[in-house]
Amino acid sequence: MRDIKVGSIWVEKSKTVGKYVWRMRYENPVTCKVEKTSITLTSKSKQAGNQALNLMLDKIKKKIEKQSATLDIASEFILFSDIIDIWLEDQGRKIKHSTYATRTRYCNILKKDFKGKAIGDFSPLMIQRYFNKMPYTRKTLVTYFGIFRQIMNFAFRLDFIKVDLMKKVELSVPPITIEDMEKERKKLFSYDELKQIFILMTRPDCRRNALILEFLFLTGLRYGELASLKWEDYDKQASYIDINSTLDYSVGGVTKKCHTTPKTIASNKKVYLSNRSIEILTYFKSDNTRLLQNGRSFIDYGYIFPSRTGNPVSWRDLGRSFANFGKRAGFDRKFSPHALRHSHITHLVESGADQVAIMERVGHSDPTITTKIYTHTTDKMRSRLVDLIDEN
DNA sequence: GCTCAGGCAGAGATTAATAC
DNA sequence: GTATTAATCTCTGCCTGAGC
């Protein structure tokens with residue numbers, strides 16, 4: 001406990017006969033304000049004065065201990081943004097860079113929203129109101145809230161605040177809307193629909209993107225897994241590709257060529273290739289050689305799916321190309337490379353493939369994830385169901 | 001010269017996947 | 001079912017180069 005600065009001490013006659021009220025001014029180290037305290041004794045002698053001083057000091061110490069339990073002394077001076085920086089430094093040691101990058105972006109928003117705010121100034125009501133006003137969707141809110149809670153819990157654990165503020169705050173998430181459900185339905189493509197889009201991509205450069213998108217559909221890979229593929233990962237004899245890393249473009253984009261471990265342990269896998277997938281790889285083998293011989297800016301880093309410069313193909317360009325031609329083909333869908341993973345799994349389910357085999361192929365450790373997230377009901381499935389009912 | 005598509009990155013938003 | 005981690009997606013803007 002900090003030192004208590006004792007001020008003037010004086011004695012007054014109590015209203016009760018034979019009693020004296022000893023009073024003292026002091027500076028409260030918690031509030032930094034000059035406050036007064038008192039004690040009643042039966043004497044105003046010098047000895048009684050010493051006794052009164054000790055008793056009043058005990059009284060003040062108890063009061064300060066109580067105050068410190070709800071307000072940390074340091075919390076008045078330490079800014080929330082400082083706590084965020086300390087927390088991020090701590091996090092940086094134990095999470096992957098992509099997660100760290102995401103958290104840094106969230107934290108930057110928090111820093112902006114609570115600029116100049118001391119950690120000691122936060123209250124449960126203030127936090128509750130802050131999250132109640134947030135315009136984000138359900139899942140984003142949950143993530144945002146989770147990060148905020150982690151920061152506050154970190155501050156509590158390290159005694160920057162003495163009260164577990166987040167215990168009193170609850171996240172109110174909006175209900176699922178029709179738009180949310182509609183969004184889910186717009187993720188899917190059939191192979192025939194995709195072919196309609198690829199036909200439009202006839203220019204030589206577009207052709208590469210079209211084939212990469214087709215390869216994503218045929219293998220169900222994530223973009224990061226595809227972008228990090230090198231020729232040594234391709235076993236031509238056994239017709240599979242070995243997924244042993246992912247491209248982390250959160251570290252300064254694709255040019256940094258940062259490879260890291262796949263998203264999960266189950267994602268470390270072999271993906272066996274169909275004839276069409278092998279055809280696509282064969283095309284890239286010869287087209288990459290053509291780029292090396294003709295392209296002035298092409299450097300061969302050994303990637304299977306490089307851009308014209310030799311860097312791993314960029315996610316944003318793939319997505320943009322997909323969306324441009326998809327819209328031109330007349331589809332009102334969500335054009336993202338990841339939608340092709342959804343479509344791949346649904347396509348396999350639709351074709352009657354074994355669920356465990358699908359799960360292993362796409363790198364899920366739990367079959368319920370495959371079922372829960374990816375298997376959307378398609379028109380083909382609905383029609384087959386009606387046929388079954390008719391047959392019986 | 002104009003148009004169009006690819007190449008690239010930063011920041012904010014959202015979702016997937018797993019752990020608990 | 002909730003929390004946490006890790007990834008993808010969206011929006012934006014500037015630049016380069018090929019084709020017409």
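The values are calculated or read from the model by the stated rules, or taken from the named source; none is laboratory data. Here the structure is a predicted model, which is why all the values come from computation and not from measurement. Glycine gets a Cβ as well: all are built from the backbone with ideal geometry, and neighbour counts include every protein chain shown. Remember, those area values only see protein heavy atoms, side chains included, never the ligands or the DNA or RNA. Shrake-Rupley method; radii C 1.70, N 1.55, O 1.52, S 1.80 Å.
Observations on the structure shown:
Rundown of residues vs (1) free of Cβ contacts under 8 Å to residues at least 12 places away in the same chain; (2) within 29 Å of the chain's Cα centre (by Cα), yes/no style:
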residue	(1), (2)
A:Arg308	no, no
A:Leu318	no, yes
A:Asn324	yes, yes
A:Phe331	no, no
A:Ser336	no, yes
A:Ala339	no, yes
A:His344	no, yes
A:Met359	yes, yes
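- The listed residues are A:Ile60, A:Ile64, A:Ile83, and the only one of them that is at pLDDT below 70 and surrounded by 14 or more Cβ atoms within 10 Å (Cβ to Cβ) turns out to be A:Ile64.
- Beta carbons closer than 7 Å, at least 6 apart along the sequence or on distinct chains, pair a first residue in the stretch A:140-167 that is small (Gly, Ala, Ser) with a second that is in a loop (DSSP other than H, G, I, E, B) for A:Ala155/A:Ile161.
- Selection status of A:Arg138, touching a Pro at 6+ places or on another chain (Cβ under 8 Å) and within 11 Å of DNA strand B (Cβ to nearest atom): yes
- A:Gln355 passes every criterion in (1) within 13 Å of DNA strand C (Cβ to nearest atom); (2) within 30 Å of A:Ile369 (Cα to Cα) apart from (1).
This table checks each residue for (1) outside any helix (DSSP H, G or I); (2) within 16 Å of DNA strand C (Cβ to nearest atom); (3) modelled with pLDDT under 90.
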residue: A:Leu141; (1), (2), (3): no, yes, yes
residue: A:Gly146; (1), (2), (3): no, yes, yes
residue: A:Ala155; (1), (2), (3): no, yes, yes
residue: A:Phe160; (1), (2), (3): yes, no, yes
residue: A:Glu179; (1), (2), (3): no, yes, yes
residue: A:Glu184; (1), (2), (3): no, yes, yes
residue: A:Glu193; (1), (2), (3): no, no, yes
residue: A:Thr202; (1), (2), (3): yes, yes, yes
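- Some residue of the stretch A:97-107 being within 10 Å of DNA strand B (Cβ to nearest atom) and open to solvent by 80 Å² or more (accessible area, probe 1.4 Å): yes
- Unique match (being within 8 Å of DNA strand B (Cβ to nearest atom) and touching a Phe, Trp or Tyr at 6+ places or on another chain (Cβ under 8 Å)) among A:Lys256, A:Lys263, A:Lys270: A:Lys256
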